[in-house]
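Only one structure is covered here, and it is reproduced in the block below.
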Amino acid sequence: MDYKNILCTVENSIATITIHRPQALNALNAETVQELNDVVKKISADTTVKVVIITGDGEKSFVAGADIKEMSTKNAVEGRAFGQIGQDTFTLIENMPQPVIAAVNGFCLGGGCELACACDIRYAAETAKFGQPEVGLGITPGFGGTQRLPRVIGRGAAKELLYTGGIIDAQEALRLGLVNKVLPQGELMSAVQGLAKKIAKNAPVAVQLCKAAVNRGINCDVVTGIAYEAEVFGLCFATVDQKEGMSAFIEKRKADFQGK
Ligand SMILES: C/C=C/C(=O)SCCNC(=O)CCNC(=O)[C@H](O)C(C)(C)COP(=O)(O)OP(=O)(O)OC[C@H]1O[C@@H](n2cnc3c(N)ncnc32)[C@H](O)[C@@H]1OP(=O)(O)O
């Protein structure tokens, strides 16, 4: 997969998408958002990929937001269109069948924080910095930040970040529940890869249905969410991997999952 601002590799069923615009601290211009949209669609359709990692190039920045220079000349119609493609892309990421882990290796601001919040799990380097500085630029977040951030850290903490535009460090992000783990920069990728491998060892359909059930449940009432869980639980019993997983337990051996 050849892109200008995105690198993508697939190794041992784990896809790694790297945002690569070093000249702009990996800021997301329209071209990069479009490339991300394209690669996410391709990986979503690739049944050999079990887990996805998203990170930023280099050691300084995950994503320093949407590209301010590009946005600075937009009118209302163009601004809305840019927000829409960003929102559509991040919703595609949120709804990828595979679990998505953000490896936050540095600045995670504005659209970067929105990207991280669209991922299922976030690990951060000790040097990472988080925030939604948009109000300081005269705009609101536009790639889902007003909606996903409160769902991740609660509305009080989210509103403080959104209204102040303040920047927090990785330890504060950990305290708020914005990230699951903080690691020294040099250990971040191996920790994220270790997590990805752990997930990839499990029955892929069951993992994907867990993701679908959590995502569905978050956006509806608990009765509807519980009913959906009953459906996906039942569906698991139609898979080869349910037979294999339970047989392996009974036969005291390691399961060999097929993803079927
Ligand atoms: C819908 C979504 C909306 C949004 O996301 S709005 C944007 C939200 N993000 C921000 O407001 C962060 C903007 N960036 C910064 O505040 C700073 O950068 C940092 C604190 C992240 C880092 O500061 P330092 O270490 O001094 O680096 P540097 O010289 O500012 O950046 C290196 C080059 O990267 C470009 N750059 C950084 N962030 C962006 C960006 N978001 N959009 C466009 N370019 C960016 C700079 O301009 C500069 O470039 P050059 O060397 O040509 O001057």
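The values are calculated or read from the model by the stated rules, or taken from the named source; none is laboratory data. Keep in mind that what you see is a predicted model, and the values were worked out from it rather than measured. Virtual Cβ from ideal backbone geometry, glycine too; neighbours counted across all protein chains shown.
Hey, can you tell me all the residues within the stretch 6-36 that are in a loop (DSSP other than H, G, I, E, B) and within 15 Å of the ligand (Cβ to nearest atom)?
Scanning the stretch 6-36 gives His20, Arg21, Leu25, Asn26, Ala27, Asn29.
Report, by residue number, each residue of the stretch 135-187 that is more than 16 Å from the ligand (Cβ to nearest atom), more than 23 Å from Gly86 (Cα to Cα) and touching a residue at least 60 places away in the same chain (Cβ under 8 Å).
Leu183
Given the conditions (1) of a type outside the set (A, V, I, L, M, F, W, C); (2) closer than 30 Å to Thr48 by Cα; (3) surrounded by fewer than 18 Cβ atoms within 10 Å (Cβ to Cβ), which single one is not true for Gly111?
So Gly111 meets the others, but not (3).
If the requirement is being out of contact with any strand residue (DSSP E or B) (no Cβ under 7 Å at 6 or more places or on another chain), under 19 Å from Ile14 (Cβ atoms) and part of a helix (DSSP H, G or I), which of these qualifies: Asp241, Asp256?
Residue meeting the stated conditions: Asp241.
Checking the condition among the hydrophobic types (A, V, I, L, M, F, W, C), surrounded by 16 or more Cβ atoms within 10 Å (Cβ to Cβ) and assigned to a helix (DSSP H, G or I), which residue from Val39, Val49 passes?
Val39
When residues of the stretch 239-260 are filtered for being loosely packed, with under 10 Cβ neighbours inside 10 Å and closer than 12 Å to Ala206 by Cβ, how many remain?
Total meeting the criteria: 0.
Residue by residue, here is whether (1) of a type in the set (Asp, Glu); (2) more than 23 Å from Leu25 (Cβ to Cβ); (3) not in a helix (DSSP H, G or I) holds:
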position	(1), (2), (3)
Phe82	no, no, no
Tyr123	no, no, yes
Glu160	yes, yes, no
Val179	no, no, yes
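In the stretch 50-75, what residues are of a type outside the set (Asp, Glu) and in contact with a Ser or Thr (Cβ under 6 Å, 6 or more places away or on another chain)?
Lys50, Ile53, Thr55
What are the pairs with Cβ atoms under 7 angstrom where one residue, in the stretch 53-75, is assigned by TED's automatic domain parsing to the domain that holds Val10 and closer than 26 Å to Ala200 by Cα and the other, located anywhere, is within 11 Å of the ligand (Cβ to nearest atom) and aromatic (Phe, Trp, Tyr)? Sequence gap at least six, or different chains.
Every condition considered, the pairs that remain are Thr55/Phe62; Gly56/Phe62; Phe62/Phe107.
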